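Taking it in order: structure first as structure tokens, then the write-up.
The values are calculated or read from the model by the stated rules, or taken from the named source; none is laboratory data. These numbers come from a predicted model, not from an experiment. Ideal geometry is used to build each Cβ from the backbone, glycine not excepted, and the neighbour counts take in all protein chains shown.
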């Protein structure tokens, strides 16, 4: 299997932080955001990885990551997405790279606590279809929500006002090579983009969609509050202790001892 990290987009929801850089180059605790999805793929046993980026700072990824040797890779591939055509449009740029092999696709702002290797291995053993990784969250209306029944996904609803479950579709997708045929059939949504939810819906209609639920914590980092949450979770995982509150920090500063 091969891996794809989607790291394009303008990151407008993080303005002004993203005014002079790509969102995926912002820091999450002690390293750039792009390091985390890359490491997730490497830990899952994937050694052939494509970075899809775009915008005025695309060259910064090459300067930062080079050939991927820091991650134990022999080579790292790059491609460029012009504009903001949606996740499915960005994924379409990986067709030549995939060369008929199945893919693990991860959004560049998705950060997970634990390895996804067991899910990747299960999908590789099945050899066909698609798999999405779900996570139970407190604010499902911000995401694509999976409707589950009798251990199966029966529907996916994008940002519903009244979610049918608290399980959301994270930005980690596993697809067979048919995904590119599906993308070619898509029409732009009302936002003018090719939506990944439409890709998943086709697999669902064909009865070729499975799911697993992520272990440990998961977060995206596309909003100021989730960028902060990601830093908090990573720091606690590394140091094994929570970040002190502002009040605690101020007390420590003024402690006469």
### Task
For the range 75-90, indicate whether the set of residues that are surrounded by fewer than 20 Cβ atoms within 10 Å (Cβ to Cβ), at pLDDT below 95 and within 29 Å of residue 235 (Cβ to Cβ) is non-empty.
no
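Conditions (1) closer than 20 Å to residue 38 by Cβ; (2) surrounded by 13 or more Cβ atoms within 10 Å (Cβ to Cβ), marked per residue:
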| residue | (1), (2) |
| --- | --- |
| 96 | no, no |
| 107 | yes, yes |
| 111 | yes, yes |
| 115 | yes, yes |
| 133 | yes, yes |
| 138 | no, no |
| 160 | no, yes |
| 165 | no, yes |
### Task
Would you check if there is a residue in the range 54-64 being modelled with pLDDT of 95 or more, surrounded by 16 or more Cβ atoms within 10 Å (Cβ to Cβ) and farther than 24 Å from residue 234 by Cα?
no
### Query
Of the residues that sit in the range 13-30 and are farther than 13 Å from residue 108 by Cβ and within 17 Å of the chain's Cα centre (by Cα), which one is surrounded by the fewest Cβ atoms within 10 Å (Cβ to Cβ)?
27
### Message
For the range 54-112, give me each residue that is outside any loop (DSSP other than H, G, I, E, B) and within 21 Å of residue 208 (Cβ to Cβ).
### Response
87, 88, 91, 92, 95, 98, 103, 104, 105, 106
### Task
Those residues that are surrounded by fewer than 17 Cβ atoms within 10 Å (Cβ to Cβ), in contact with a helix residue (DSSP H, G or I) (Cβ under 7 Å, 6 or more places away or on another chain) and closer than 19 Å to residue 9 by Cβ, I need them from the range 212-243; list them, please.
223, 224
### Task
Could you please let me know if residue 38 is under 21 Å from residue 55 (Cβ atoms), buried (at least 19 other Cβ atoms within 10 Å of the Cβ) and without any contact (Cβ under 8 Å) to a residue 60 or more places away in the chain?
yes
### Task
Only residues that are free of Cβ contacts under 8 Å to residues at least 12 places away in the same chain and either touching a strand residue (DSSP E or B) at 6+ places or on another chain (Cβ under 7 Å) or assigned to a helix (DSSP H, G or I) (or both): list them for the range 122-152, please.
125
